[in-house]
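Colleague: The structure that follows is given in the form of structure tokens.
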Amino acid sequence: MRMYDLIMKKRNGGILSKEEIRFMIEGYTAGSIPDYQMSAMMMAIYFRGMNEEETLQLTMAMAESGDTLDLSAIEGIKVDKHSTGGVGDKTSLALTPMVAACGVKIAKMSGRGLGHTGGTIDKLESFNGFSTGIETRDFIKNVNEIGISIMGQTKDLAPADKLLYALRDVTATVDNMSLIASSIMSKKLAAGADAIVLDVKTGSGAFMKAEEDAFALAKEMLTIGKNAGRSMMAVVSDMDQPLGYAVGNALEVKEAIDTLKGQGPADFTELCMTLGSCMLMAGGVASDYEQAREMLKDVIENGSALEKLADFVEAQGGDRQTVYEPERLPKATGILEVKAQKEGFIRKIICDEVGICSLILGGGRETKESEIDLSVGIVLCRKTGDYVKKGDVLAHIHYNDENKMLACKERLLAAYEIGDEKNTERPVIFGILN
Ligand code: URA
């Protein structure tokens, strides 16, 4: 088999066989197929697309290109959750203890933030002493004993995806449905859960700006997961403005803790209830949506979800008392009020810009090696649809460096669009698929 022939086949609109896809992924991972040939193949796929079977075969080949996690030592159904990402997306921090408190086993691998998007692993490190670099043995032990563990993605999990993603990033071939679906699902399948609940974002701050594209991506990933023998559900949710109010590592942890006490923002709480309900149904502890919502409400009201977060933090070396005293979280030295420059309705808050503001303050990573400042970030006070007078506080900037704060302030003000007419309200949840 020759890579040249496979590129030509796809370029001409042909369908690649399982063997051909394996040859290409194994060769690329081993280094025998060079970047320039794989780039040409990615572009051919970008224009010609892949059918359902090709997408499944590509996913399986990438999932099996490195280590796969064997979770068979954990009793019961293991449920994982994946979000396509966004700004202020602290969902895993609140959702996983809620679901674990209802009796579903959470064995989750998460990533760090890069650029303007945050990562669960960084946020969890806001708990003093917390470690996500735990051994698989301890990961499994924690899930068996307390029902929840989150570890950082190991470098040997789906290495083909790691290589391909970096290549796609620099060859303008990221935004192809089959390539995105196979990239995400290869990592999820390698991570070993029995059931996977997907949170597919739509809106200006999401990969899939248009609602119909988000639904199409969700369907594509559901099909892959089901064909690979996993139980699957997907939620399409809004990412047209930041989720909740807090953007920044420790600030988001505080908001997740508030949510576990029943005092969280309405949009974020609704997303956690919806995803949580799907996870309880996928995990076999609730038979319908209404029962699942009641169970989740109960674990918030009786404090067991908050307790579960404390158990989880302690089991991974962190300070459990911070869950009850969030003032122990890293704190910035200064807080600046950002005030509206004119009166009117907030028509838009450009999501990515708010993420970049947090990055400017030091809360995000420019490169994989950057040190991040866990204490800084932005807490929005007003969101899309609110009416503001000139001088009303739009947001608070938590900062440690004056120059960075000034740059952030300019950018944050520009991210708010204020006008005379109110925009049509967008739902938090666009739909649930299974
Ligand atoms: N996230 C991924 O992991 N892969 C993609 O291709 C896009 C988003």
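Colleague: For the stretch 64-100, what are the residues that are farther than 22 Å from GLY377 by Cα, among the basic types (Lys, Arg) and away from the ligand (no atom under 16 Å from the Cβ)?
Modeller: Listed by number, the list holds a single entry, LYS78.
Colleague: Right, another one. Name the single residue that is farthest from ILE148 (Cα to Cα) among those in the stretch 55-91 being crowded, with 22+ Cβ neighbours inside 10 Å and among the charged types (D, E, K, R).
Modeller: Going through the qualifying residues, I end up with ASP89.
Colleague: Those residues that are of a type in the set (A, V, I, L, M, F, W, C), buried (at least 20 other Cβ atoms within 10 Å of the Cβ) and more than 17 Å from the chain's Cα centre (by Cα), I need them from the stretch 158-187; list them, please.
Modeller: ALA158, ALA160, LEU164, LEU179
Colleague: Then there is this: Checking the structure you have, find out if any residue of the stretch 120-128 is of a type in the set (Ser, Thr, Tyr) and in contact (Cβ under 8 Å) with a residue 60 or more places away in the chain.
Modeller: The answer is yes, given that some residue of the stretch 120-128 is of a type in the set (Ser, Thr, Tyr) and in contact (Cβ under 8 Å) with a residue 60 or more places away in the chain.
Table: residues versus (1) outside any loop (DSSP other than H, G, I, E, B); (2) free of Cβ contacts under 8 Å to residues at least 24 places away in the same chain; (3) of a type in the set (S, T, N, Q).
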{"residue": "ILE15", "(1), (2), (3)": "no, no, no"}
{"residue": "ILE21", "(1), (2), (3)": "yes, no, no"}
{"residue": "GLU26", "(1), (2), (3)": "yes, no, no"}
{"residue": "MET38", "(1), (2), (3)": "yes, no, no"}
{"residue": "ALA44", "(1), (2), (3)": "yes, no, no"}
{"residue": "MET50", "(1), (2), (3)": "no, no, no"}
{"residue": "THR55", "(1), (2), (3)": "yes, no, yes"}
{"residue": "ALA61", "(1), (2), (3)": "yes, no, no"}
{"residue": "VAL79", "(1), (2), (3)": "yes, no, no"}
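Colleague: On to the next question. Among the residues of the stretch 92-107, are any open to solvent by 50 Å² or more (accessible area, probe 1.4 Å), in contact with a Lys or Arg (Cβ under 8 Å, 6 or more places away or on another chain) and outside the structural domain of CYS357 (by TED's automatic domain parsing)?
Modeller: no
Colleague: Moving to a separate point now. Which numbered condition in (1) modelled with pLDDT under 95; (2) open to solvent by 10 Å² or more (accessible area, probe 1.4 Å); (3) among the small types (Gly, Ala, Ser) is the only one that GLY355 fails?
Modeller: The number of the failed condition is (2).
Colleague: Moving on to the next point. Working carefully through the options PHE207, PHE215, find the one that is at pLDDT 95 or above and of a type in the set (Phe, Trp, Tyr).
Modeller: PHE215
Colleague: So which of LEU164, LEU157 ends up being closer than 18 Å to GLY113 by Cα and within 13 Å of the ligand (Cβ to nearest atom)?
Modeller: Going through LEU164, LEU157 in turn, the sole match is LEU157.
Colleague: Also, quick follow-up: Restricting attention to the stretch 386-409, does a residue exist that is open to solvent by less than 80 Å² (accessible area, probe 1.4 Å), within 30 Å of LEU217 (Cβ to Cβ) and either in contact with a strand residue (DSSP E or B) (Cβ under 8 Å, 6 or more places away or on another chain) or polar (S, T, N, Q) (or both)?
Modeller: So far as the stretch 386-409 goes, no, none of its residues is open to solvent by less than 80 Å² (accessible area, probe 1.4 Å), within 30 Å of LEU217 (Cβ to Cβ) and either in contact with a strand residue (DSSP E or B) (Cβ under 8 Å, 6 or more places away or on another chain) or polar (S, T, N, Q) (or both).
The values are calculated or read from the model by the stated rules, or taken from the named source; none is laboratory data. Please read all numbers here as calculations on a predicted model, not as lab measurements. Please note: Cβ atoms are built from the backbone with ideal geometry, for glycine as well, and neighbour counts cover all protein chains shown. Each accessible area value is taken on the protein alone, full model and side chains, heavy atoms only, with ligands, DNA and RNA left out. Shrake-Rupley method; radii C 1.70, N 1.55, O 1.52, S 1.80 Å.
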